[in-house]
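Enquirer: Following this message is one structure expressed as C-alpha cells.
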Amino acid sequence: MHFSNFTNIFNFSEPNQHAASMVAYPKLLLTALLLTVSTMAFSQESLMKELDTTLLRKLIDTAKTYYPKVKTFNHTVNIAEQGVKKAKLSWYDLLTYSFSYSPSNATTIVSPTLSGMQFGLFFNIGNLLLKPHNIKQAKSELEIARLNKQEYNLAIEAEVKARYFKYIQQLAVLKLQREMLLDIETLYKQAKYRFEKGEEILENYSKTIVQLNSQKQNILSAEGYVLIAKSSLEEIICKPFEDIR
C-alpha cells in the first residue's frame, strides 16, 4: 500500500471520503448478514432432505448384528430356551429303575436272596409335584430373556437414530460454515480492494481480516464435530461408516 493511501485515510481535511468509508463498512456488514441469514435458512430447510431412511435402516440392522451387547442378549435367550427343553425332558426323572442279578440259588434265614435277575421300577412322587413348577419357571425365564432382548433392540435402534441424526446435523453445520466462509472471503476481497485504493479505513479492513480468520477457526471446529459424530456412529455399528453406504 502506498503512503498516499494512509494519508488519505487519516486526512481530516477530507471528511467526505472518511464518512463514505464509514458508511461503506456497515453496508458490507449488512450484505454479510443477509447472506448468512439466507444460507442458514437454506441449510435448515435442506437438513431433512439429508436423511437417508434406507441407509438408516442398514445402520440399525448392522448394530443389531454386530454390537456386542446385542449378542449377549441373544445368548441369554438361547440359554433360556435350553432351560425350557431341559425342564420338559426332566419328566423322565420321575421314573427310576434298578436291576440286579444273583446266580446263586442258596438262601438263608439271615440273608435271604432271590435267584436270577430282578428288575425294579420306582415312581418319585416328590418330583412329580415339582416338575410343573420347574417348567413354568423355565418358561417365565425364557419370556423375560426375550422381553429384555426386545427392549434392548428398541433402545439400540433409538441410539443409532440419535447418532445418525447428530452426524448429518454436524455435516449440515459444516456445510453452512463453509458457505459463510465464501461470503466472508468475498467481503474481505472487497474491503482489501477498497483499502488498497484508499477508499476504506484500516479499522474496517482489519475487521474483515479478523472475521475471515475467525470463520476459518469455526470450520476447523465444525470438521472436528463431524469426525466425533462419525466416530460415535461407527462405535455402535461396529463397522466403518463407508462400508455401510
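Enquirer: Restricting attention to the range 106-127, and to residues there that are in a helix (DSSP H, G or I) and loosely packed, with under 13 Cβ neighbours inside 10 Å, which single residue is modelled with the lowest pLDDT?
Expert: Checking each candidate, the answer is Gly126.
Enquirer: Further question: Just need a number here: residues in the range 197-212 that are surrounded by 12 or more Cβ atoms within 10 Å (Cβ to Cβ) and in a helix (DSSP H, G or I).
Expert: 9
Enquirer: Checking Tyr92 against (1) modelled with pLDDT under 90; (2) within 18 Å of Leu147 (Cα to Cα), which single condition isn't satisfied?
Expert: Among (1) modelled with pLDDT under 90; (2) within 18 Å of Leu147 (Cα to Cα), Tyr92 violates only (2).
Enquirer: Which residues, taken from the range 213-244, are small (Gly, Ala, Ser) and crowded, with 18+ Cβ neighbours inside 10 Å?
Expert: Ala222, Ala229
Enquirer: Give all pairs with beta carbons closer than 9 Å in which a residue from the range 147-172 that is within 15 Å of Glu50 (Cβ to Cβ) meets a residue that is of a type in the set (D, E, K, R) and surrounded by fewer than 13 Cβ atoms within 10 Å (Cβ to Cβ); count only pairs at least 6 apart in sequence or on separate chains.
Expert: Qualifying pairs under 9 Å: Arg163/Glu235.
Enquirer: Looking only at the range 186-234, count every residue that is within 18 Å of Gln169 (Cα to Cα) and not small (Gly, Ala, Ser) and tell me the total.
Expert: So the answer is 11.
Enquirer: Hey, another quick one. Starting from the range 64-88, keep only residues that are in contact (Cβ under 8 Å) with a residue 60 or more places away in the chain, then list their pairs with residues that are basic (Lys, Arg) and assigned to a helix (DSSP H, G or I) whose Cβ atoms are within a distance under 6 Å, requiring at least 6 positions of separation or different chains.
Expert: Going by the 6 Å Cβ cut-off, the qualifying pairs are Val70/Lys64; Phe73/Lys149; Val77/Arg146; Val77/Lys149.
Enquirer: Confirm whether Arg178 is surrounded by 15 or more Cβ atoms within 10 Å (Cβ to Cβ), among the basic types (Lys, Arg) and touching a Leu at 6+ places or on another chain (Cβ under 6 Å).
Expert: no
Enquirer: Another one. Which ones in the range 156-194 are in contact with a Lys or Arg (Cβ under 9 Å, 6 or more places away or on another chain), of a type outside the set (A, V, I, L, M) and farther than 22 Å from Ala222 by Cα?
Expert: Selection gives Glu157 alone.
Enquirer: Given (1) at pLDDT 95 or above; (2) surrounded by fewer than 16 Cβ atoms within 10 Å (Cβ to Cβ); (3) among the aromatic types (Phe, Trp, Tyr), where does Tyr167 come up short, assuming only one miss?
Expert: For Tyr167, the exception is condition (2).
The values are calculated or read from the model by the stated rules, or taken from the named source; none is laboratory data. As the structure is a prediction and not an experimental result, all values here were calculated from the model. Glycine also receives a Cβ, built like all others from the backbone with ideal geometry; neighbour counts cover every protein chain displayed.
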